[in-house]
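The values are calculated or read from the model by the stated rules, or taken from the named source; none is laboratory data. All values reported here derive from a predicted model rather than from experimental measurement. In this analysis, Cβ positions are derived from the backbone assuming ideal geometry, glycine residues included, and neighbour counts consider all displayed protein chains. With ligands, DNA and RNA removed, areas are computed over all heavy atoms of the protein, side chains included. Shrake-Rupley method; radii C 1.70, N 1.55, O 1.52, S 1.80 Å.
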Amino acid sequence: MPLSDTRTNPGCPDTGVRIKLPHLKDYWSRMMAARRGEKIDHSTDFHTDRLMLHTLGVGLEQVTQFILNEVPDFAAFETWIIHTAGMPSADSIARINALTHQTALPTSVLAWQTELAAMPDVLSKDDLRHWDEQGFVILHEAVPAQDSAAAAQVIWDTLNAREDDVESWYHGEHANIMVQLFQSPAFDANRRSARIHKAFAQLWQTTDLWVTTDRCGFNVPERPGHSFRGPDLHWDMSLHQPVPFGTQGILYLTDTPPEQGALTLVPGFQHRLNAWMDSLPADADPREQDLHALGSRPIGGKAGDMVIWNQLLPHGSRPNRGTKPRIVQYINMLPSTLPVQEIWR
């Protein structure tokens, strides 16, 4: 979205203002029907639903839990979105409506995409060659130092932890390294990074991309009584072949050497996935195999560096054998349309 995209205070009282997204009501209706036990086919709307929620600034996990636990009517659902993430900008609403109604994009969005297209490339020819061969690339200085530091501080504060107080790192608020934290002006600033958008545009070969509203991570060093909680190597998409192209990304908010629980990938596996799948016994679950044996490797980086990888690569965190927590923000960008096979099955 344009760099000027802003939101109102998420804590503002309900003024009766509505978001005016017809697709949002359709999504709520389908989710409520599914909660009642009705068989609902989300496949044709899955990608559009996802883009809409990301653009509204709410996480997929947040929305699911709210609907399951609160069973809201539509007005309450709209109010919750506004209170959680703020009122979306007029440009955001117009862009979603243009997507769902197949109408022209707002001129401001077109102008932003034109500006991005004219922006100098941020990934070099060597970077792109590495991407093609290894399936990942590191975008150095994806965001300024002050922006990565600000986002890291939000996570420290939310967890009631301090960098200079080791005991405060070891909290029991979640079952793994993921932090269900989505909304913050500091996170939004990183999501609006022109360098990040340009990198994804080079990989997708289009500037018509939608930034995700994703969560964060806080992976502390292992010690007696606190072992690595995962997630270990895995895939986040369906493995039904053919598996289509897709990207994923992680922004290091603090310096993260390889031993500090860095993102771990199996480089180059995008070239081997199909043959490897075909080689497995018919009754074997590919997700239950020893994926590290395929050649896993930790990918370190400096604060503000971003690793973007091909979704075909097995990926995950790893035990933190360093001296400080690994603190990250997950950011991805998605095009307006994707093949049906992209949907998890």
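Here are the numbers for the structure shown:
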quantity	calculated
Chain lengthening between GLN180 and ALA118 when straightened (0.36 nm per residue, less Cα-Cα)	18.7 nm
Partners for LYS39 among lysines (Cα-Cα distance below 25 Å; same-chain residues under 8 apart left out)	LYS25
Net charge of Cβ neighbours under 13 Å - reference PHE136; Lys, Arg +1; Asp, Glu -1	-2
Separation of alpha-carbon centers, region 122-196 and region 265-298, rounded to whole Å	27 Å
Cα Rg over Rh - region 240-322, Kirkwood	1.02
For the chain: accessible area per residue (Å², 1.4 Å)	46 Å²
Within the chain, helix-based [θ] at 222 nm, where runs of 4 or more DSSP H residues each add -39,500 (n - 2.57), nearest 500	-10500 deg cm²/dmol
Solvent-accessible area of PHE46 with every protein chain in place, 1.4 Å probe, in Å² to the nearest 10	70 Å²
Reachable lysines from LYS324, criterion Cα separation under 18 angstrom, eight or more residues apart if same chain	LYS302
Diffusion coefficient, µm² s⁻¹, Stokes-Einstein with Kirkwood Rh over alpha-carbon pairs of region 7-129 at 10 °C and 1.306 mPa s	97 µm²/s
Of all accessible heavy-atom area on the chain, the percent that carbon and sulfur account for (1.4 Å)	53 percent
Highest-fluctuation residue, VAL211, VAL58, VAL166 considered, GNM on the chain with Cα pairs under 10 Å	VAL166
Quotient of C-alpha Rg and 2.2 N^0.38 Å, computed over region 159-307	1.20
Solvent-accessible area of LYS198 with every protein chain in place, 1.4 Å probe, in Å² to the nearest 10	10 Å²
Charge dipole magnitude, Cβ of K and R +1, D and E -1 - region 262-311, Cα centre, debye nearest 20	320 debye
Rounded accessible area of LEU51 (nearest 10 Å², 1.4 Å probe)	0 Å²
